[in-house]
């Protein structure tokens, strides 16, 4: 059972930061509450009593998103369902609808925030690989005296290990800023131990842009999660593909490389087998999504005769 002593509902960022700055030991900051409520309800945490809860759901500055020149700002209360329903987000972040549809179920997607998914710093967090592939930056805010101070970190610097992040006491995530991927094809692959409400054993995000002819990789973005203490960007594989003719053989070669990155403490051989196929499948799906169906190597060879 979950109980609490004091429940705070700040309406502004400054009010939220004032509440977080005085949070007592055992107090919690909640956004969608999609982790703490099941933890208490299912008895995994026993009887959970929180002396103070700071609920961020009414903070005006945390709502919505903004599209700028080449960037998209995703404010802290943005939920995963928005990536399925908002046409602007689908256009500029083409891998996120694929990520969102895999994320839990309809009810959880309506509550679970992207910022909360990042703040947990789980190796299996679904939202992190796509954000890494889009060069995500995490914006943090804190109080300095009576003024709001902000800083920004690259997402791969923010997440430091399982359950460990660069979030300092008194700080809140206010937004994540990513590059616009308009014109790219996007995909997200994921596998777990059951068909629904899957916790990732392995996940892969891909974003692909081809040259005007549709026969060469112009820009490829790849990231994987669930295979080690933190999700990782596959920059060397991206470099291997960029500028090259699109062939199944090349995609298969690229897909075989990530098996060496598996550093998990459990199910190592399983993850090694899965991750290679996942990365290749993610690349192929992203190619199809951007209107460039994968050719066979035979087709490629005949085209050059």
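Every read-out reported here was derived from the displayed coordinates using simple, explicitly stated rules and does not represent laboratory data. Bear in mind the structure is a predicted one, so any value in this text is a computation, not a measurement. All Cβ positions, even for glycine, are placed from backbone atoms using ideal geometry, and neighbour counts span all protein chains on display.
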**Report entry** Net lengthening on full extension, residue 57/residue 71 (0.36 nm per residue, minus Cα-Cα)
**Finding:** 2.6 nm
Query - Simple spin-label estimate for residue 168 and residue 120 in nanometres, 7 Å along Cα-Cβ - result: 2.7 nm
Report summary line: Of 244-251, 129-136, ordering from highest average Cβ density within 10 Å down gives 129-136, 244-251
**Report entry** Principal axis box of the stretch 60-179, alpha-carbon based, largest edge first, Å
**Finding:** 41, 32, 26
Report summary line: FRET efficiency (residue 252, residue 18; Cβ distance; R0 51 Å; to 0.05) is 0.40
Requested in this report: Could you rank the peptides 117-128, 220-231 by their average count of other C-beta atoms within 10 Å per residue, with the highest value first?
Outcome: 220-231, 117-128
Report summary line: Expected sort for 170-180, 53-63 on mean C-beta neighbours within 10 Å, highest first, is 170-180, 53-63
Query raised in the report: So for the pair residue 101, residue 160, with labels modelled 7 Å out along Cα→Cβ, what separation do we get in nm?
Result: 3.8 nm
Report task. Kindly provide log₁₀ I(q)/I(0) values, in the same order as q = 0.11 Å⁻¹, from the Debye equation applied to equal alpha-carbon scatterers of the stretch 130-239. Result -> -0.47
Query raised in the report: What residues of the stretch 18-38 lie in the reach of a label at residue 49, counting those whose backbone N is under 17 Å from a point 7 Å from the Cα along Cα→Cβ?
Result: 24-28
Report summary line: Between residue 180 and residue 273, the FRET efficiency computed from the C-beta separation at R0 = 30 Å comes out, to the nearest 0.05, as 0.30
Query raised in the report: With each run of n ≥ 4 DSSP H residues scored as -39500 (n - 2.57), what mean residue ellipticity at 222 nm is computed for the chain after dividing by its residue count and rounding to the nearest 500 deg cm²/dmol?
Result: -8500 deg cm²/dmol
Query raised in the report: Measuring from label point to label point, each 7 Å out along Cα→Cβ, what is the residue 87 to residue 218 span in nm?
Result: 2.4 nm
Report task. Give the angle, between 0 and 90 degrees and rounded to the nearest 10, that separates the Cα long axis of helix 268-289 from the longest principal axis of the Cα atoms of the chain. Result -> 70 degrees
